[in-house]
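Data first, discussion second: the structure below is written as structure tokens.
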Amino acid sequence: QVHLVESGGGLVQPGGSLRLSCKASGSVPWLNTMGWYRQTPGKQRELVASLTRGRDPRYGASVEGRVTISRDNAQYMVYLQMNSLKPDDSGVYYCNARSNDGNYWGQGIQVTVSA
């Protein structure tokens, strides 16, 4: 089992920046992919960014160029740096981790972009 805890969300003004963090614990040495998804009311959960060992990061089309994902494998952390935030970026952001044994989700953290 893997337990994921997100932090760093909150309220930010349009054009601002925010950095989300996710700490993994449990069976973490076997995590292949870690990433971030977001969900807004009435929409399906969508990919924001993901990072798989040995591969280039993947970014969602709506955020590419404005976000950067990074991992600290020694600390079992994944980060999401978000810049030039827009109101449409508001939503609940979920940390995701995948191994050969399963697909895991954090509880989610609220990000609100508003003046």
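Give me the extension gain from residue 47 to residue 61: residue separation times 0.36 nm, minus the current Cα-Cα distance, reported in nm with one decimal. Before the final figure, lay out the partial values.
Working: separation 14, 0.36 × 14 = 5.04 nm, distance 0.88 nm.
Going from the current span to full extension adds 4.2 nm.
Rounded to the nearest 0.05, what FRET efficiency is calculated for residue 107 and residue 39 with R0 set to 22 Å and r the Cβ-Cβ distance?
Numbers: r = 12 Å, r/R0 = 0.56.
My answer for the efficiency is 0.95.
Direction-averaged shadow area of the convex hull around the Cα atoms of segment 1-90, nm²? Walk me through the numbers before you get to the answer.
Values: hull surface 24.7 nm².
Mean orientational projected area (segment 1-90, Cα hull): 6.2 nm².
With the other protein chains left in place, how much accessible area per residue, in square angstrom, belongs to segment 23-62 at a 1.4 angstrom probe?
Working: 2410 Å² over 40 residues.
I get 60 Å² per residue for segment 23-62.
Rounded to a whole number, what % of the accessible area of the chain do carbon and sulfur atoms account for, probe 1.4 Å?
Values: 2860 of 6260 Å².
Carbon and sulfur: 46 percent of the exposed surface of the chain.
Please give, to one decimal in nm, the separation of the simple spin-label points placed at residue 27 and residue 1, each 7 Å out from Cα toward the Cβ.
1.2
At what distance in angstrom do the alpha carbon centres of segment 69-115 and segment 30-57 lie from each other?
Going from one Cα centre to the other spans 7 Å.
The values are calculated or read from the model by the stated rules, or taken from the named source; none is laboratory data. These numbers come from a predicted model, not from an experiment. Don't worry about glycine lacking a Cβ; one is built from the backbone with ideal geometry, like all the others, and counts go over all protein chains shown. Each accessible area value is taken on the protein alone, full model and side chains, heavy atoms only, with ligands, DNA and RNA left out. Shrake-Rupley method; radii C 1.70, N 1.55, O 1.52, S 1.80 Å.
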